[in-house]
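K.L.:
Dropping the structure in here first, questions after.
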Amino acid sequence: RIEDTDQARSSDESAAGIVRDLKWLGLDFDEGPFFQMQRLDRYHDVIAQMLQAGSAYHCYMSEAELDGLREAQKASGENPRYDGRWRPENGRVPPEGVKPVVRFRNPDIGSVAWDDAVKGHIEIANKDLDDLVICRPDGTPTYNFCVVVDDIDMAITHVVRGDGHVGNTPRQINIFRALGASVPVFAHLPTVLGNDGEKLSKRHGATGLNEYADNGYLPDALVNGLARMGFAHGNDEVFTPAQLVEWFDINAINPAPARFDAQKFDWLAGEHMKQIPAAQIAALVQPFCEFDTGNGPRLEAAAMLYRDRCATLKILAQSIHFFYKKPEISLPVLAEHLNDANRLAFAAAREALGALTIWDKPSISAALKKVQTDFALKPPQLMMPIRIGISGGTSTPSVDATLEVLGKVETMARLVALERPI
């Protein structure tokens, strides 16, 4: 449901973004989307019924008058609120040429209470609620009114939303009751804070869902991460959307503010990456590869080699880049790891690899192990210059596995090329 009656804050682009993000997350919908601006006739019919029943009335108070009232109330220490001066019983004569708003006539006495599925019992005195505007002078109805009509028409049983809406709920409940409708169960989810306890913002790593998608996070990881903010199922940290559906209990949500930990979220994203099947990984990572994946090993093989080391598909694509394009070698880094202490061993390893007739991980491992033993070197003394020579960096999966994927021809070409700078 696209709540777009605030036209200044709504656009076709934002609505399309909502639908796009939901579909990316795998949160499909059975009906809709419904746009409130396409339901204006229905809202106007209900407003007409309320005007006739006396549960709504026209108010001709100008913005300037309302601002003046609020300032006077603040000056006297009162809570700023509309004072009901245009209620019909006050007998005021409507001014000519002024388009009124329509206000809901809130009850004067008693209280409105509900048992929130997350926050527990909440009760607000009606005297603390003023008469809410439900329709603007231009005929556009307002959010708090429209959602009640929508909830009634769509037979909504549960309203689950952020706790920033707690202040709207008593107003909406009174409108439900004025319309003779059943009140749904309300559940207000806790605010998400940063690790420092402050409201979540960009500096904490908060960003839009589309940015998570563009950065290569898996949608299941997002669902998992969002669900874990305030919800727990024993000691289970990593779970699928299907498991969430099975385990979820709205009464198990913690009402305390949740905290977003970007580092822990990336760990969780990495755990979901580890579950990608080999049969799917090439198709998933391909859109993030800004290089020709046809010029090198099978994409599936390269991606599977690095899959367990990456939190996102974008990082995975960046990690396997060297398989498809010769890396730039930093001479200072190479000089640090290839010197007089291991130069002869490096040359011997290159010759041993070149002599292999079977190019697989066991054969590569055995050849390198023999050279290492013959020259009495520690593993890094031999593996590090080879690693730099093939990848340009000092961190890869095991050298034998990396060489197997890179292939003999390309491996030998890169190792021979190291003769020139050294």
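K.L.:
Filtering the range 404-422 down to residues that are of a type outside the set (A, V, I, L, M, F, W, C) and in a helix (DSSP H, G or I), which residue is surrounded by the most Cβ atoms within 10 Å (Cβ to Cβ)?
P.N.:
So, considering only residues that are of a type outside the set (A, V, I, L, M, F, W, C) and in a helix (DSSP H, G or I), the one surrounded by the most Cβ atoms within 10 Å (Cβ to Cβ) is Thr411.
K.L.:
Hey, another quick one. So, restricting to helices (runs of 4 or more DSSP H) that lie completely within the range 146-263, which ones have at least 2 residues that are farther than 27 Å from His121 by Cα and open to solvent by 60 Å² or more (accessible area, probe 1.4 Å)?
P.N.:
The helices (runs of 4 or more DSSP H) meeting that bar are 209-214, 241-247.
K.L.:
Taking the options Asp308, Asp340, name whichever one is free of Cβ contacts under 8 Å to residues at least 40 places away in the same chain and assigned to a helix (DSSP H, G or I).
P.N.:
Asp308
A quick yes/no check of all residues on (1) at pLDDT below 95; (2) more than 17 Å from Ala413 (Cβ to Cβ); (3) surrounded by 15 or more Cβ atoms within 10 Å (Cβ to Cβ):
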| residue | (1), (2), (3) |
| --- | --- |
| Pro332 | yes, yes, no |
| Asp340 | yes, yes, no |
| Pro362 | no, yes, no |
| Ala366 | no, yes, no |
| Met383 | no, yes, yes |
| Ile386 | no, no, yes |
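K.L.:
Can you tell me which residue in the range 64-100 is surrounded by the fewest Cβ atoms within 10 Å (Cβ to Cβ), limited to those that are more than 22 Å from Ala125 (Cα to Cα) and of a type in the set (Lys, Arg)?
P.N.:
Top of the filtered list is Lys99.
K.L.:
So, one more: Can you work out which of the residues in the range 77-130 that are within 37 Å of the chain's Cα centre (by Cα) and acidic (Asp, Glu) is nearest to Gln52 (Cα to Cα)?
P.N.:
The qualifying residue nearest to Gln52 (Cα to Cα) is Asp130.
One line per residue, one yes/no per condition, for (1) touching a Ser or Thr at 6+ places or on another chain (Cβ under 7 Å); (2) part of a loop (DSSP other than H, G, I, E, B):
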position: Leu382; (1), (2): no, no
position: Pro385; (1), (2): no, no
position: Thr396; (1), (2): yes, yes
position: Thr402; (1), (2): yes, no
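K.L.:
Looking at (1) under 20 Å from Asn126 (Cα atoms); (2) surrounded by 13 or more Cβ atoms within 10 Å (Cβ to Cβ), which one does Met61 not meet, given that it meets all the others?
P.N.:
Failing condition for Met61: (1).
K.L.:
Of the residues that sit in the range 388-397 and are open to solvent by less than 50 Å² (accessible area, probe 1.4 Å) and among the hydroxyl-bearing types (Ser, Thr, Tyr), which one is farthest from the chain's Cα centre (by Cα)?
P.N.:
That would be Ser391.
K.L.:
Then there is this: In the range 18-30, which residues are open to solvent by 100 Å² or more (accessible area, probe 1.4 Å) and touching a residue at least 24 places away in the same chain (Cβ under 8 Å)?
P.N.:
The one that is open to solvent by 100 Å² or more (accessible area, probe 1.4 Å) and touching a residue at least 24 places away in the same chain (Cβ under 8 Å): Arg20.
K.L.:
Determine which single condition Asp28 fails, assuming it passes every other condition in (1) farther than 18 Å from Ile156 by Cα; (2) at pLDDT below 90.
P.N.:
So Asp28 meets the others, but not (1).
K.L.:
Take Glu123 and decide whether it is open to solvent by 40 Å² or more (accessible area, probe 1.4 Å) and either in contact (Cβ under 8 Å) with a residue 40 or more places away in the chain or not in a helix (DSSP H, G or I) (or both).
P.N.:
Judged against the criteria, Glu123 is a match.
K.L.:
Scan the range 131-142 residue by residue and report those that are buried (at least 17 other Cβ atoms within 10 Å of the Cβ) and not β-branched (Val, Ile, Thr).
P.N.:
If the condition is that a residue be buried (at least 17 other Cβ atoms within 10 Å of the Cβ) and not β-branched (Val, Ile, Thr), then Asp131, Leu132, Cys135, Pro141 are the ones that fit.
K.L.:
Next up: Being surrounded by 18 or more Cβ atoms within 10 Å (Cβ to Cβ) and in contact with a strand residue (DSSP E or B) (Cβ under 7 Å, 6 or more places away or on another chain) is the filter here, so list the residues in the range 103-113 that pass it.
P.N.:
Hits for the range 103-113 are Arg103, Phe104, Arg105, Val112.
K.L.:
From Ala8, Ala15, grab the single residue that is open to solvent by less than 40 Å² (accessible area, probe 1.4 Å) and either at positive phi or of a type in the set (A, V, I, L, M) (or both).
P.N.:
Testing whether each residue is open to solvent by less than 40 Å² (accessible area, probe 1.4 Å) and either at positive phi or of a type in the set (A, V, I, L, M) (or both) leaves just Ala15.
K.L.:
Out of all the residues in the range 36-58, which are surrounded by 15 or more Cβ atoms within 10 Å (Cβ to Cβ) and outside any helix (DSSP H, G or I)?
P.N.:
Hits for the range 36-58 are Arg39, Ser55, Ala56, Tyr57, His58.
The values are calculated or read from the model by the stated rules, or taken from the named source; none is laboratory data. As the structure is a prediction and not an experimental result, all values here were calculated from the model. As a convention, Cβ positions derive from the backbone with ideal geometry for all residues, glycine included, and neighbour counts pool all protein chains shown. We work out accessible area using only protein heavy atoms, side chains counted, and drop any ligands, DNA or RNA first. Shrake-Rupley method; radii C 1.70, N 1.55, O 1.52, S 1.80 Å.
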